[in-house]
Structures are given as C-alpha cells and as structure tokens.
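Just below is one structure, and these are the notes that go with it.
Nothing in this text is a laboratory measurement; each read-out follows from the coordinates by a stated rule. Because the structure is a prediction, the values reported are computed rather than measured. Glycine also receives a Cβ, built like all others from the backbone with ideal geometry; neighbour counts cover every protein chain displayed.
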Amino acid sequence: KRRELFRLKDQATYSKDKRKVELGCNIGTPRDVKMALKNGAEGIGLYRTEFLFMNRSNMPTEEEQFQAYKEVLEEMEGKPVIIRTLDIGGDKELPYLNLPKEANPFLGYRAIRISLNQPEIFKVQLRALLRSSLYGNLKIMYPMISSVEEVRAANEILEDVKRELKEKSIEYSNQIEIGIMIEIPAAAVIGDLLIKEVDFFSIGTNDLIQYSTAVDRLNEGVSYLYEPFHPAVLRLIKLIIDYAHADGKWVGMCGEMAGDLNIIPILLGLGLDEFSMNASAILPARKLIAELSYLEMKKLAEETLILSTSKEIRNFIAENLKK
Ligand code: PEP
Ligand code: MG
C-alpha cells in the first residue's frame, strides 16, 4: 500500500478527467523541506516564518532570514515556494517584541497589523525575501488581511524596499507573485476587490472557521462547534474561489481542510487550484484526486452547498463517494 502510494511521488496531480491541481506542503522551518520532497510535494504552499522568530531573545537579522529563505528556495529547485510574512500575535508570542496583553488576542494586534505598524521589522523581512528570490520561485504572502488598504500599504512598503535595493544595486527577481491569505470573513466578502491588488489567494481555513463561526480554535470547551462542514464555511470558500477565478487568478488553501480526504472532493469540485498540507497527507491526496472526476465533484459541490446542516453535508458527501 505504501509502495503503491510512493509510485505517485514524482507525478503531477490530475483528476480522473484531467483537471490539473497542485499539491504543496506546509512547513515551519527549512529542515521540513526534506520531508516535503520525500512525500512528493509540488511546492511549498505555506512557509510559516514565525518559527524563525520564536524561541529566542531577539529578532533574527536580515542575514539569518535571508539564509533560511534561500535554503528553502534552493532545495525546492524552482518549484513554487510561498513564504508568509510574520504572523505573530494571537496564540503565538514573541517576548522581545513586548506585545500588549490583550483580552482578545485573536482579534488584536497581530500578523500584518504588526508588520504595518512596525515597518522597521517588516522591511528587514522583505529585504531578506527579495534577496532570496534569486535562488528559486518565490511568492510572498501577507497573513490576516482584512481590507484593501492593508494590502496597498503592505505593497507600498514592498515597493519602498525594492527601490532601496535598486539604489544599492542589490538584485532580486522581478517575477515574484504577491498573494494574501483569506482567513477573515470580511476579506472573503470583498474578495472581488482584494483580488485586483494581488496575484493569488490562499485560504486559511484554520482561522476562517474560527472567525466566521466565532469559535476559538484553541478552546476545548467549544471545539464541538469548530466545524469545517458548516454551510457558511463552504459558501465562503466558494465565494473566494469564484472571485479569484473571475479575475483570472489562482486560489490555494493552506488550512488543515486542504489535506482532509473527506473534504478534498468538494474543494476539487469548487475549483480550488492548489492544496497545501502536511507532508504525510500529500500522497494520499494525490491518489484520491486521481480517482475523482472534477465534473462529478463540481456537481456534488453544487448539491452540497444547498444543504442546511453540517451533518447533512457530511452524510451526503460520504454516501455519494461510496458509490
Ligand atoms: C490558517 O489560518 O488556516 C493558516 C493556514 O494559518 P495558521 O494556521 O498559521 O494561522
Ligand atoms: Mg491563520
């Protein structure tokens, strides 16, 4: 069984009726790239850079960041690598940043909000990213975007940094795609506006479920309400994908849902272009997708999206896939 799976390692990912999708891997450090490649990753769909900043007493320097990003890009040998800018705050602390104690950290000062408010930190990371771009296929992604203003502000800082590098004759690639995570319901709803500012979306379902259903993703007391199959979550995902496609752009997903074999059929049917997941989920996902017809899943997704409850949705999908 294992050997059969590993035969798929170096193959592209196609549905039975030849719709091509891409399976990426989520990583936290450059050391994770080996496992990603061993398991047939076609790219890195999410590099969570915050681990580079955590468990230490000061900021990583531009050089340290550059080395880490370069290492990942080189090891991926030209395959796409999506590096997410700092997503600290919420549940992830950085003592040396002296972040305020907040009553609702998940609704507070975090991620892109910190980057925009403390551009001296953001610029170091962007400089390191731009310099690393010469070593592979880099895409930069901003986390926790809630408005068009934030994307524009982030992109303006990126342009400033590019200008500064040019002045010093420091080179970088001019082919870097810029994307944003869609993990706040407000961003999903204005997806038609946001997509005009960027090259791609990646759906962060871990936070999108939390924010759309008002269920703390870490609170055991309400974990029974944390529901990927909530009709609202599926409808938001459809909205996001449709907005991106209407503008001719691609959409990925890097939340846990993307690697869930029970949900992948629906995501395929909704037209998701890229799925990024833990390394161990990649080959089973490739095998499953090869057995599915995109057109049949498209119909299944349409029928699923008019159901009333997550239980109905779960049962309906399971029954239809048994056939
Ligand atoms: C997400 O929110 O789905 C996501 C991928 O980001 P993180 O889990 O790092 O918040
Ligand atoms: Mg998130």
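Given the pairs 9/298; 34/101; 70/249; 1/34; 34/249, which are separated by over 31 angstrom at their Cα positions? Please report the intermediate quantities before stating the final value.
Working: 9/298 26 Å; 34/101 37 Å; 70/249 26 Å; 1/34 22 Å; 34/249 29 Å.
Violating the 31 Å limit, Cα to Cα: 34/101.
Between the helical axis of 294-304 and the dominant principal axis of the chain, each derived from Cα atoms, what acute angle in degrees is found, rounded to the nearest 10? The two axes meet at around 80 degrees.
Placing a label point 7 Å from the Cα of residue 322 along the Cα-to-Cβ line, the residues of region 290-315 whose backbone N sits under 17 Å from it are 311-315. On a 0 to 90° scale, report how tilted helix 148-167 is relative to the longest principal axis of the chain, with both axes built from alpha carbons and the result rounded to the nearest 10. With rounding to tens, the tilt is 50 degrees. In this structure the amide hydrogen of residue 250, modeled in the peptide plane, comes within under 5 Å of the amide hydrogens of 201, none closer than 5 places in sequence on its chain. Straight-distance candidates among the aspartates and glutamates for linking to residue 123, with alpha-carbon spacing under 12 Å and chain neighbours fewer than 8 residues away dropped: 62, 156, 159, 160, 164.
With r as the distance between the Cβ atoms of residue 171 and residue 232 and R0 = 51 Å, compute the FRET efficiency 1/(1 + (r/R0)^6) and round to 0.05. Present the calculation step by step, with values, prior to reporting the outcome.
On the way: r = 46 Å, r/R0 = 0.90.
That gives a FRET efficiency of 0.65.
Restricting attention to the chain, close to 10% of DSSP beta bridges with both partner residues there are antiparallel.
Relative to the longest principal axis of the Cα atoms of the chain, helix 279-291 runs at roughly 40 degrees.
Beyond 29 Å in Cα-Cα separation lie the following of the pairs 92/311; 38/238; 20/322; 18/311; 18/38; 162/238: 92/311; 38/238; 18/311; 162/238. Here 84, 31 are placed in order of increasing Cβ neighbour count within 10 Å, fewest first, which gives 31, 84.
When the chain is treated as a Gaussian network with alpha carbon springs shorter than 10 Å, the biggest mean-square fluctuation among 220, 75, 303 belongs to 220.
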